[in-house]
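Colleague: Supplied in structure tokens, the structure appears directly below.
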Amino acid sequence: MANKSETHETGSGAHGSGAKRPRILFVAVTLLIPVLFFVLVEAGLRFFNYGLDYTQWVNPIKGSFVLNPDMAHKYFPDLPSVPYSNGDIFDETKKSNSFRVFVLGESSGAGYPYMPIGSFSRYLQQRLSLVYPQSRIEVVNCSMTAVNSYTLRDLTPGILGEKPDLIIIYAGHNEYYGALGVGSQESLGSSRTIINLVIFLEQFRTFQLVRNAIGKVEGLFAGNPQPATGTLMSRMAQDQYIELHSKVYERGIAQFEGNMRDILAMATHAAVPVILGTLACNIKDQPPFVSIESGGLPPAEKVFQQAQQSCIEKKWQKADSLFRYARDLDALRFRAPSEMNDIIVKLAKEFHARVVNVDSAFGAVSPGGIVGDNLMTDHLHPTLHGYQFMGNLFYKEMEQDGLLPSSKPIALDDKQQDSATVTNFPFTKLDSIIASYRIKLLKNDWPYISKKDKLPENTVLRPHDRIDSIAADLVEDKTSWDAAHRKAARWYAAKNEIASFLGVMDVLISQYPIVLEYYDDATQTLLQRQRYDEAYRYLLKRNDIEPTAYSTKWLGIINLHRHALTPAENYLTRSIELDRSDSQVWYDLAGVYVEKADYQKALEMTKKALALSPHYADALALQSKLEETMK
């Protein structure tokens with residue numbers, strides 16, 4: 001009986017276990033159905049190319065990466081026109097001799113108003129390329145105007161995936177009014193968890209579909225809104241005043257610290273060094289935008305006037321403190337308060353990151369030790385000299401911490417390096433006018449002036465010549481940056497102003513070093529004018545990227561004229577390998593062998609030239625002369 005009982009119980013247990021399996025399977029399938037539904041919807045939306053692709057890096061040219069120009073739509077989903085990065089290009093596969101630096105920041109990180117070429121990152125690119133010619137230098141600036149730490153946090157994982165040797169961060173001024181900030185028109189509230197989740201979900205087309213549908217429904221009840229006008233700066237922060245130590249102020253501080261902490265934690269986990277910059281701004285020559293008297297605090301304007309009086313009395317230390325306090329009291333938070341720099345220093349110590357005290361360094365070279373218009377174009381964007389000075393500060397920090405390329409540097413001291421970098425910095429009259437026009441438009445809008453005092457753009461800009469007109473078209477979004485520079489280059493070439501033409505071409509090549517068309521344009525213009533030595537420089541750079549029959553031919557011809565016979569022979573031979581149908585190359589190669597007194601070889605090359613062009617007069621004359629010599 002005992003055996004039967006045991007057998008019965010065992011059978012009953014097996015039956016119970018079998019009954020559970022269908023229930024578990026049923027629950028699993030039930031849970032998987034909605035997941036499968038959304039997977040299929042997502043796949044369908046991607047197949048029909050609905051929405052935007054937020055893949056972080058895209059290929060402008062095969063083998064190269066650039067930050068996706070649509071990326072900012074993640075942070076500005078309701079704006080038809082969004083900011084974009086400087087478009088710095090780097091290799092899709094990092095080369096063994098590459099030294100790769102990523103820069104994260106806002107408009108002052110991007111180099112406004114000189115972007116894309118006036119930023120401190122461009123100074124670093126130029127100086128590193130000068131000092132370490134054996135290394136492939138890649139300084140990739142991912143900064144964008146009107147963004148804040150939410151954008152930086154979102155971009156960081158993708159940056160870490162590209163094997164950076166260093167990350168530099170200069171950010172904090174936009175924390176309140178930048179995209180999704182606590183005081184922004186684009187705000188989603190103050191919960192970092194929710195906002196970062198929304199940013200993450202934006203990559204899914206299903207989420208974009210739902211958001212767009214909700215937006216259309218809301219639009220039905222909103223009437224016909226007026227199209228947005230004015231600078232992005234004025235639109236993002238209109239009337240959003242934030243008093244010092246208010247709840248919104250403290251949420252902005254917490255937002256910055258939390259996102260920056262996440263960024264540094266990710267970089268630390270990936271063992272990537274980070275350099276942070278403290279924030280500098282115009283405190284002496286920029287009065288507070290909005291002065292409010294409340295909460296027992298003095299009005300910002302009154303403190304600013306006290307600071308000005310201290311300047312008159314040459315009490316510089318007191319004036320500096322008062323100017324900083326006036327900045328902190330300014331209820332329109334376009335300039336980061338002092339507390340932001342305290343957080344930067346604190347987090348750097350916590351995560352063993354490096355800090356460049358840009359704020360103090362700017363003060364040290366300013367009259368009375370107080371930063372004003374001497375280094376700033378407006379309330380916080382540095383002058384071109386200011387950006388170059390910043391670049392030098394970051395370079396020195398890299399040098400001090402051993403964060404430079406491992407290849408052998410050239411023999412120049414610090415002052416010589418800086419001087420050579422600034423002297424050869426690619427920058428033109430067009431770039432200067434573009435920057436000037438951008439600042440004019442910025443200051444022709446709120447909060448610099450009231451809305452009623454705003455002037456039409458054509459009244460503010462007033463172009464006087466062709467270059468002015470090209471610059472005006474650019475800042476009014478009538479042409480692109482590269483198209484504007486190409487127009488200027490063509491205008492200079494037509495006027496035979498070759499120095500100015502080459503200056504513009506150097507700027508284009510500096511920004512887009514892998515666009516071969518720019519090298520070709522410069523080369524052809526110079527060769528037409530028989531400026532062979534200048535053409536040689538562009539031919540050499542172009543040939544290093546991708547040799548062609550044309551580039552190798554002219555490198556060979558120029559070397560032949562220089563009596564550099566070995567490189568002439570090598571380049572001309574390579575040109576023939578790429579295209580055997582150019583009789584001039586065969587003829588010039590014959591010239592190399594004439595110089596070498598190898599007349600048999602010269603005659604052979606001459607005959608090949610004549611086989612392609614039987615009436616080639618120079619080749620016929622050379623053949624006759626060689627045959628006479630060899631009798």
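Colleague: Tell me, what is the FRET efficiency for LYS631 and THR566 to the nearest 0.05, using R0 = 22 angstrom and their Cβ-Cβ distance as r?
Modeller: 0.15
Colleague: Can you pick out the pairs among LYS74/LYS443; LYS247/LYS318; LYS62/LYS349 whose Cα atoms lie more than 32 Å from each other?
Modeller: As for pairs spanning more than 32 Å Cα to Cα, those are LYS62/LYS349.
Colleague: From a point 7 Å beyond the Cα of SER624 in the direction of its Cβ, which residues of the range 576-606 have a backbone N at a distance under 15 Å?
Modeller: Counting backbone N atoms under 15 Å from the label point, the list is empty.
Colleague: In addition: How big is the charge dipole of the chain about its Cα centre, in debye rounded to the nearest 20, if each Lys and Arg gets +1 on its Cβ and each Asp and Glu gets -1 on its Cβ?
Modeller: With Lys and Arg at +1 and Asp and Glu at -1, about 440 debye.
Colleague: Quick one: Cα centre-to-centre distance for the range 335-383 and the range 607-621, in angstrom?
Modeller: Cα centroid to Cα centroid, the span is 69 Å.
Colleague: Extension gain LYS596-GLN416, at 0.36 nm per residue separation less the Cα-Cα distance, in nm?
Modeller: Value of the extension gain: 60.6 nm.
Colleague: Can you work out ³J(HN,Hα) from phi for every residue in the range 613-627, in order, using Karplus 6.51 cos²θ - 1.76 cosθ + 1.60 and θ = phi - 60°, giving whole Hz and x for Gly and Pro?
Modeller: Working through the residues one at a time gives 9, x, 9, 5, 4, 5, 5, 5, 5, 5, 4, 4, 5, 5, 5 Hz.
Colleague: Apply 1/(1 + (r/R0)^6) to the Cβ-Cβ distance of ASP91 and GLU546, taking R0 = 25 Å, and write down the FRET efficiency to the nearest 0.05.
Modeller: Working from the Cβ atoms, E equals 0.95.
Colleague: Any chance you could run the full-extension gain for ASN49 through ILE61? It's 0.36 nm times the residue separation minus the Cα-Cα distance, nm to one decimal.
Modeller: Additional length available on full extension: 2.2 nm.
Colleague: Given axes a ≥ b ≥ c from the Cα gyration tensor, I'd like to know whether the chain is rounded (a/c under 1.5), prolate (a/b larger than b/c) or oblate.
Modeller: oblate
Colleague: So what is the relative contact order for the range 434-593, in percent, with contacts set as C-alpha pairs under 8 Å and at least six apart?
Modeller: Values: 147 pairs, mean separation 17.5, N = 160.
Once normalised by length, the contact order is 11 percent.
Colleague: Relative contact order of the chain: what whole-number percent is it, with Cα pairs under 8 angstrom and at least 6 residues apart?
Modeller: So the answer I get is 11 percent.
Colleague: Could I ask something else about it? Under 14 Å between alpha carbons: how many lysine pairs meet that in the range 447-629, if sequence neighbours fewer than 8 apart on the same chain are excluded?
Modeller: 4
Colleague: Okay, next question. Using amide H atoms built 1.01 Å from N in the peptide plane, name the residues 5+ places from VAL139, or on other chains, whose amide H lies under 5 Å from its own.
Modeller: Residues meeting the amide H criterion: VAL101.
Colleague: Toward the positive end of the charge dipole of the chain, about the Cα centre and with charges on Cβ (Lys, Arg +1; Asp, Glu -1), which of ASN458, ILE433, LEU31 goes farthest?
Modeller: Looking along the dipole axis, the top candidate is LEU31.
Colleague: Here is a further query. Less than 12 Å Cβ to Cβ from ARG211, Lys/Arg counted +1 and Asp/Glu -1: what total charge do the surrounding residues give? Could you put the intermediate results ahead of the total?
Modeller: Values: positive: LYS74, ARG205, LYS216; negative: ASP78, GLU202, GLU218.
Residues close to ARG211 contribute a combined charge of 0.
Colleague: Oh, and also: Please give the calculated 222 nm ellipticity per residue for the chain, where each DSSP H segment of at least 4 residues contributes -39500 (n - 2.57) and the sum is spread over every residue; nearest 500 deg cm²/dmol?
Modeller: So the helix-based figure for the chain works out to -18000 deg cm²/dmol.
Colleague: Here is a follow-up. Could you list LEU244, LEU36, LEU188 so that the one with the fewest beta carbons within 10 Å of its beta carbon is first and the one with the most is last?
Modeller: Fewest-to-most Cβ neighbours within 10 Å comes out as LEU36, LEU188, LEU244.
Colleague: Per-residue HN-Hα couplings for the range 412-418, Karplus 6.51 cos²θ - 1.76 cosθ + 1.60 at θ = phi - 60°, whole Hz, x for Gly and Pro?
Modeller: Running phi through 6.51 cos²θ - 1.76 cosθ + 1.60 with θ = phi - 60° gives 10, 7, 4, 5, 5, 4, 5 Hz.
Colleague: Shape call for the range 447-629 from the C-alpha gyration tensor, a ≥ b ≥ c root eigenvalues: rounded (a/c under 1.5), prolate (a/b greater than b/c) or oblate?
Modeller: Details: a/c = 4.01, a/b = 3.39, b/c = 1.18.
Prolate, since a/c reaches 1.5 and a/b exceeds b/c.
Colleague: In terms of the Cα gyration tensor, with a ≥ b ≥ c the square roots of its eigenvalues, is the range 307-411 rounded because a/c is under 1.5, prolate because a/b exceeds b/c, or oblate?
Modeller: Prolate is the answer for the range 307-411, as a/c is 1.5 or above and a/b outweighs b/c.
Colleague: Going by Cα centres, the range 184-207 and the range 76-151 are how many Å apart?
Modeller: 25
Colleague: Just want the ordering: CYS142, CYS281, from fewest to most Cβ atoms lying within 10 Å of their own Cβ.
Modeller: Listed from fewest to most nearby Cβ atoms, that is CYS281, CYS142.
Colleague: With a Förster radius of 22 Å, plug the Cβ-Cβ distance of ASN424 and LYS396 into 1/(1 + (r/R0)^6) and report the FRET value to the nearest 0.05.
Modeller: 0.70
Colleague: Karplus couplings for the range 94-108 from phi (6.51 cos²θ - 1.76 cosθ + 1.60, θ = phi - 60°), rounded to Hz, Gly and Pro as x?
Modeller: 5, 7, 5, 9, 7, 10, 10, 10, 10, 10, 10, x, 10, 5, 6
Colleague: Please list, in chain and number order, the residues 5+ apart from SER187 or on another chain whose amide H is under 5 Å from its amide H, with Hs placed from the backbone.
Modeller: It is LEU180, by chain and number.
Colleague: What are the residues whose amide H is under 5 Å from the amide H of VAL356, where those residues sit 5 or more places off or on another chain and H is modelled from the backbone?
Modeller: Counting only residues 5 or more places away or on other chains, the set is LEU276, GLY277, THR278.
Colleague: Using a 7 Å offset from the Cα along the Cα-to-Cβ direction at both ASP579 and HIS269, what is the distance between the two label points in nm, to one decimal?
Modeller: Using points 7 Å along Cα→Cβ, the separation is 5.3 nm.
No lab work stands behind these numbers, since they all come straight from the coordinates. The shown structure was predicted, so the numbers you read here are calculated from the model rather than taken from an experiment. We place every Cβ from the backbone using ideal geometry, glycine too, and count neighbours over all the protein chains shown.
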